[in-house]
Structure formats: C-alpha cells, structure tokens
Amino acid sequence: RKKYRIAVIPGDGIGQETTPEGLRVLDAAARRFGFDLELVHYDWSCEVYSRTGKMMPDDGLEQLRQSDSVFLGAVGWPGVPDHVSLWGLLIPIRRGFDQYVNLRPCKLLPGATTPLANRGPKDIDFYVVRENTEGEYSSVGGRMFPGTDREFVSQQSILTRIGCDRVMKYAYELAMTRPRRKLTSATKSNGITFTMPYWDERFAEMGKNYPGVTTDQFHIDILCAHFVQHPDWFDVVVGSNLFGDILSDLGPAVAGSIGIAASANINPEKAFPSMFEPVHGSAPDIAGKWIANPIGQIWSGAMMLEHLGEKAAADAIVSGIERMLSEGGPRTRDMGGQAGTVDVGKALAEAVGRA
Ligand code: NAD
Ligand code: IPM
Ligand code: MN
C-alpha cells in the first residue's frame with residue numbers, strides 16, 4: 001500500500017476553512033483507491049508571525065522537504081503587510097523548491113454558470129501555465145534616497161534563458177497532450193522592450209521542437225479582452241509570472257468563480273516537493289463566516305494526487321465535482337447557492353466515496 005507524506009499549511013483566513021474540506025475529500029479518495037496519506041500539520045500563518053516575527057521557522061524549507069507534497073490554503077492577513085507575509089512563506093516555497101510551473105486550469109464546469117452570455121462547458125476549457133520563479137517577481141531593486149525628493153524605487157524583471165525555456169517546454173508538452181494542440185503566449189513586446197521580445201524569441205525557438213503544436217501570441221491587454229469575448233480560442237496559455245497571475249484570476253472568473261480555481265506549483269523534475277493550493281487568497285471579507293467555496297482547494301487536492309501518480313483518484317475527484325454541480329448539489333454563494341463550506345466538502349467526499 002502506497003503512502004504519501006503531505007505537509008499541510010492551512011495558513012490564513014479562509015485557508016483555515018477550505019483546507020479541512022480539501023483533506024476530507026482527499027481522505028475519501030485515499031480510502032476508495034487504497035493508499036495512505038500521512039499528514040504533517042504546520043500552523044505557519046500571519047497569526048504565528050504576530051507572535052514570533054516569522055512566517056515560518058528558519059529551517060522551514062528543510063522541514064517541508066521531507067514531504068512528498070505541500071498542501072496549502074492561503075497566506076495573507078490584514079495587519080501584516082502582504083509583501084512580508086507572502087515573501088515570508090508562499091514565495092520562498094515556490095522558489096526554494098524550484099516550482100517553476102504554476103499550472104492553473106480554467107474550466108467551465110457542467111452545472112456552473114458563467115457571467116458570459118451563451119457560453120457552455122465546451123467553450124471554456126484551457127490551462128494557464130504561469131512562470132513561477134522569476135520575471136516581474138524579482139528581488140532585484142529597491143528604494144533609493146528615501147525621504148528625499150530624489151527618492152525612487154525600481155524593481156527589475158529578470159528572464160533567464162533556462163527559466164523561459166523550461167516553462168515553455170512544459171507548456172508545449174502539455175499542448176501536445178490536448179486534442180487541439182494549441183498554445184498561446186502572453187506577451188507585451190510592444191511596450192516592454194527588453195524582456196518581452198526575449199520571451200517571444202524563446203517561445204518561437206522552443207516551438208521549432210513542436211511542429212505539431214499550433215501557436216499564436218497576443219499582447220496581454222487584448223489577451224484579457226479575448227479571454228472574455230473568445231474564451232473558446234484558448235487551449236494552453238503560457239505567460240510570465242505577472243501575466244500568468246493576472247490571467248489565472250480572469251480565467252476562473254469567466255468560468256464562474258475564483259472560488260473554484262485550482263493551482264499546482266510544480267517542480268516537474270520532482271527534485272523537490274510540489275505545492276498545491278487554490279488560486280484565491282485568504283478572503284478577509286468572508287473569513288469566519290464559513291461560506292467560502294472549498295472547490296478550488298479540493299480541485300487542487302486532485303492535482304496533487306495526479307502529480308503523486310494517483311490518476312484514477314484525481315479523476316474521481318474532478319468528476320465528483322462535475323457530477324455534484326450538474327446534479328444540483330450544494331453550492332456556496334459565489335456560485336449562486338446558499339450552502340456552507342462544510343456542506344460542499346461533505347457532499348464531495350460522499351460523491352468521491354461512491355464514484
Ligand atoms: P482573495 O482571493 O482573497 O479575495 C478576492 C475576492 O474573492 C473576495 O471578495 C473574496 O471573498 C472572494 N473569494 C476568494 N476566494 C473565495 C472562495 N473560495 N469562495 C468565495 N469567495 C472567494 O484576494 P485578495 O482580497 O486580493 O487578497 C486577500 C489576501 O490574500 C491578501 O493578503 C493577499 O495578498 C492574499 N492572497 C494570497 C494568495 C495565496 O495564498 N496564494 C492568493 C491571492 C491573494
Ligand atoms: C497567487 C497570488 C500570489 C502571486 C500573491 C499573493 C503573492 O496572487 O498565488 O496568484 O501573485 O503569486
Ligand atoms: Mn494571483
């Protein structure tokens with residue numbers, strides 16, 4: 001019997017509410033498909049920061065490294081500046097474990113409603129592949145001459161050849177597995193004149209290895225418009241760290257709700273643990289009300305099982321979500337229902353258990 005060690009970090013806000021539901025459904029899948037999950041819980045959060053001054057201990061990454069995967073809720077809470085909390089916990093894990101692919105599905109689930117008129121599940125079904133370790137999220141820069149009238153801030157965007165090539169290779173390979181074999185690149189080479197033309201150059205270069213993949217590229221501004229007006233054009237979309245971040249909130253919004261959006265921070269070589277977390281944040285506006293949608297967290301759990309090699313269990317979770325929604329099962333307010341977080345988690349655990 002296989003056993004996987006999972007580091008669980010619920011984090012802040014609704015992460016505390018959605019993570020247990022993710023675990024509930026993972027547990028149902030483990031029972032049904034015959035494997036064990038050994039959970040190791042970590043309380044790392046803004047609350048701990050306010051007592052200790054640290055988002056995670058100095059040896060935090062070494063601790064996590066002992067696990068097969070990390071399952072995370074959300075990080076960030078009012079009172080601790082976001083750049084302190086996120087650069088103290090989430091981003092060091094992505095970088096420290098070289099999780100250079102952030103894979104984020106955008107799919108209109110059967111039974112869910114989109115804000116777009118006349119669109120159905122076959123029109124919205126694509127992946128955003130976000131570069132996750134460099135680009136606009138760099139630590140090169142700073143504030144100069146603070147407090148004077150010469151004060152300025154700068155932050156460099158860094159693209160490395162290795163960094164571009166490896167995420168693009170992943171995106172091309174993913175496109176090869178899809179029936180349409182189509183890959184779109186998000187760029188802005190008209191305005192950002194050093195990094196983005198380089199991005200385009202590496203995209204074209206990598207494409208030479210994949211003659212079977214149809215490619216196109218759009219500047220990020222019009223690409224946002226196309227996500228809304230022509231979501232059916234997209235199959236796999238690759239973008240830099242910031243562009244991928246933006247597109248991966250927009251995509252799920254057109255598919256109904258940010259509350260269903262899942263994300264996998266992957267080190268494809270499996271040299272380090274990968275991390276699975278919903279796309280959304282800690283949602284301070286609804287935290288404590290137990291109305292957060294746990295589907296993004298649960299779907300992230302499915303992505304984790306797929307990464308661990310438990311494909312049948314992962315598929316059972318995704319089809320369980322689809323079945324529950326199309327059969328009119330409980331849904332939270334963001335999807336037009338009245339159910340609570342726990343109601344949805346329990347219904348899905350039940351669906352996965354009998355699938
Ligand atoms: P957010 O995703 O937390 O919330 C945005 C809006 O979406 C809110 O109105 C919220 O109620 C709603 N929402 C989010 N998740 C939902 C769910 N599961 N069900 C129903 N509604 C949901 O984004 P924000 O408000 O910009 O950020 C809040 C905090 O979270 C900040 O500290 C931010 O830095 C952090 N954040 C963390 C992550 C992460 O941990 N990966 C991601 C995004 C934001
Ligand atoms: C996400 C989040 C993070 C990001 C923030 C909270 C730093 O928005 O996971 O999409 O920008 O990567
Ligand atoms: Mn984001």
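Considering THR187, THR193, which residue is under 19 Å from GLN156 (Cα atoms), hydroxyl-bearing (Ser, Thr, Tyr) and free of Cβ contacts under 8 Å to residues at least 12 places away in the same chain?
On the way: THR187 fails: free of Cβ contacts under 8 Å to residues at least 12 places away in the same chain.
Only one candidate qualifies: THR193.
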Filtered residues of region 7-28 (kept if β-branched (Val, Ile, Thr) and under 17 Å from MET56 (Cα atoms)): VAL8, ILE9
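Suppose the filter is of a type in the set (D, E, K, R) and within 23 Å of ILE91 (Cβ to Cβ); does LYS182 pass it? Give the steps one after another, and end with the answer.
Details: of a type in the set (D, E, K, R): yes; within 23 Å of ILE91 (Cβ to Cβ): no.
No, not satisfied.
Picking from PRO278, PRO273, which residue would you name as being within 16 Å of ligand 2 (Cβ to nearest atom) and modelled with pLDDT of 95 or more?
Numbers: PRO273 fails: within 16 Å of ligand 2 (Cβ to nearest atom).
Within the list PRO278, PRO273, the selection yields PRO278.
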Yes/no for LYS208 being under 19 Å from TYR137 (Cα atoms) and more than 13 Å from ligand 2 (Cβ to nearest atom): no
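If we only count helices (runs of 4 or more DSSP H) wholly inside region 48-108, which ones have 2 or more residues that are more than 12 Å from ligand 1 (Cβ to nearest atom) and free of Cβ contacts under 8 Å to residues at least 60 places away in the same chain?
In region 48-108, the matching helices (runs of 4 or more DSSP H) lie at 60-65, 90-96.
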Residue under evaluation PHE194, criteria (1) within 18 Å of PRO105 (Cβ to Cβ); (2) out of contact with any Gly (no Cβ under 9 Å at 6 or more places or on another chain); (3) away from ligand 2 (no atom under 16 Å from the Cβ), criterion not met: (1)
So ASP200, is it under 21 Å from SER248 (Cα atoms), in the same structural domain as LEU242 (by TED's automatic domain parsing), touching a residue at least 24 places away in the same chain (Cβ under 8 Å) and not in a strand (DSSP E or B): no
Where a residue in region 119-138 is of a type in the set (S, T, N, Q) and its partner, wherever it lies, is surrounded by fewer than 18 Cβ atoms within 10 Å (Cβ to Cβ) and in a strand (DSSP E or B), with Cβ under 9 Å and at least six apart: SER138/GLN155; SER138/ILE158
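Starting from residues that are aliphatic (A, V, I, L, M) and not in a loop (DSSP other than H, G, I, E, B), keep the ones in region 109-142 and report whichever is farthest from ligand 1 (Cβ to nearest atom).
Result: VAL129.
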Selection count, region 290-349, where residues are in contact with a helix residue (DSSP H, G or I) (Cβ under 7 Å, 6 or more places away or on another chain), over 23 Å from PRO273 (Cβ atoms) and without any contact (Cβ under 8 Å) to a residue 12 or more places away in the chain: 0
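For ALA117, state whether it is more than 17 Å from the chain's Cα centre (by Cα), at negative phi and of a type in the set (A, V, I, L, M, F, W, C). Let's see the steps before the verdict.
On the way: more than 17 Å from the chain's Cα centre (by Cα): yes; at negative phi: yes; of a type in the set (A, V, I, L, M, F, W, C): yes.
Yes.
Residues are listed down the side, and each one gets a yes or a no for (1) buried (at least 22 other Cβ atoms within 10 Å of the Cβ); (2) of a type outside the set (Gly, Ala, Ser); (3) closer than 28 Å to MET168 by Cβ; (4) assigned by TED's automatic domain parsing to the domain that holds PHE276:
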{"site": "PHE71", "(1), (2), (3), (4)": "yes, yes, yes, yes"}
{"site": "GLY76", "(1), (2), (3), (4)": "yes, no, no, yes"}
{"site": "GLY79", "(1), (2), (3), (4)": "no, no, no, yes"}
{"site": "VAL84", "(1), (2), (3), (4)": "no, yes, no, yes"}
{"site": "LEU109", "(1), (2), (3), (4)": "yes, yes, no, no"}
GLY22, sole failed condition from (1) farther than 18 Å from MET303 by Cα; (2) buried (at least 20 other Cβ atoms within 10 Å of the Cβ): (1)
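Is it true that some residue in region 37-53 is within 22 Å of ASN293 (Cβ to Cβ), in the same structural domain as GLY296 (by TED's automatic domain parsing) and within 16 Å of ligand 2 (Cβ to nearest atom)?
Checked against the condition, which is being within 22 Å of ASN293 (Cβ to Cβ), in the same structural domain as GLY296 (by TED's automatic domain parsing) and within 16 Å of ligand 2 (Cβ to nearest atom), region 37-53 yields at least one hit.
The values are calculated or read from the model by the stated rules, or taken from the named source; none is laboratory data. No experiment lies behind these values; they were computed from the predicted model shown. When we count neighbours, we look across all protein chains shown, and the Cβ atoms used for this are built from the backbone with ideal geometry, even at glycine.
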